[in-house]
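A quick write-up on the structure given underneath.
We did not get these values from a lab; they are worked out from the coordinates using the rules stated. Everything numeric in this text was worked out from a predicted model, so none of it was measured. Glycine gets a Cβ as well: all are built from the backbone with ideal geometry, and neighbour counts include every protein chain shown.
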Amino acid sequence: MPTTALSQRLMRLKENLSANPRSSSNERVDVVVAILLYQDSADELSTLLIHRMERSNDPWSGQIGLPGGRVEKFDGSTQEALEREVREEVGLELGREGDQLGVLSVGHPGRRLELRVQPWVYGLQRRPEVTTGPEVQHAFWVSLSKLPSLRGNSEVEIRGTRLVVESFLVDGRVVWGFTYRVLNELLAVPGVLR
C-alpha cells in the first residue's frame, strides 16, 4: 500500500473515473497496460511512455506505447499481471508506489479484434526512478497538457507498408494506434486537462 496520499487533483480524477466507468477491473482481457500519472509541483499531470525494443516476435516492436503486456495463466488476476508487467518493463512496484484510479475502455490494437486490451490508470505520489527492462529501449515522461498541441498525422511503416496515421509527435517520437486512442480517451476524462 502506498505510504503518502494522492494529490487532490488525482483524487478528483479517481472520483470522475469511478462515476463514469468505462469497463470493469475484473473483465476478461488478454493484455493490460498502465497509464502511470504523477503530478509535479506546477500542478502538471505527466504520464510514462515506453519505446519498445526491436524484436522479431513482437508485433509492436520498436513502437511507442504504455507499459504492460499479456495476462499469463500463472497470473492470479489482471491486476497481478499489470503489476508484474510494469515491474518487468519499468521497474516500478505499483502496490507500493501507486494507487489505482480506475480503468478505461477495453479496446483492440489495430485489426486484432480477438485481442482484448485494458488500460488501467494509476496515480503516483512522486515521479519515480524508472529502470527499463530488456523489452524496453527507453522510457520517458510526457505532459498531458501538451499532448493536444502535438496532435497531427505521421507516416509509419508496418511490415513493409507505409501508412499515414493520426498521432501525437512527442520529441520526434510517433505515438499512434492503440496508445494514441487510449491517451485521447484519457484526455477526455474531466479533470485531466485544466
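Given a 10 angstrom Cα cut-off, can you work out which residue in A42, A139, A81 is the most mobile in a GNM of the chain? Maximum among the listed residues: A42. Which one of R112, R70, R28 has the biggest mean-square fluctuation once the chain is modelled by GNM with Cα springs under 10 Å? The residue that fluctuates most here is R112. Using C-alpha pairs below 8 Å separated by at least 6 residues, the relative contact order for the range 8-187 is 26 percent. Spacing of the modelled spin labels on I158 and R22, each 7 Å from Cα toward Cβ, amounts to 2.0 nm.
Placing dummy labels 7 Å off each Cα toward the beta-carbon, the span from D43 to N184 is 2.9 nm. Considering only V121, V29, V86, the Gaussian network model of the chain with Cα springs below 10 Å gives its largest mean-square fluctuation to V29. Calculation over all alpha carbon pairs of the range 45-151 in 5 angstrom steps from 0 returns a P(r) of 2, 11, 19, 25, 24, 14, 4, 1, 0 percent. What does the charge count around G68 come to, taking other residues whose C-beta lies under 9 Å from its C-beta (Lys +1, Arg +1, Asp -1, Glu -1)? Around G68, the surrounding residues sum to -1.
Report the Cα centroid-to-centroid distance between the range 132-164 and the range 11-78 in angstrom, as an integer. The distance from the Cα centre of the range 132-164 to that of the range 11-78 comes to 15 Å. When the Cα atoms of the range 8-187 are aligned to their principal axes, the ranges along those axes come out at 46, 40, 32 Å in descending order.
Helical content of the chain, expressed as a calculated mean residue ellipticity at 222 nm, amounts to -6000 deg cm²/dmol (DSSP H runs of 4 or more residues, -39,500 (n - 2.57) each, divided by residue number, nearest 500). Magnitude of the charge dipole for the chain, about its Cα centre and with charges confined to Cβ atoms of Lys, Arg (+1) and Asp, Glu (-1), is about 460 debye.
Computed over neighbours whose Cβ is under 11 Å from that of G102, the net charge equals 0, Lys and Arg +1, Asp and Glu -1. Subtracting the Cα-Cα distance of H51 and W141 from their residue separation scaled by 0.36 nm leaves 31.3 nm.
The label-point distance for F74 and L150, in a model that sets each label 7 Å from Cα toward Cβ, rounds to 3.5 nm.
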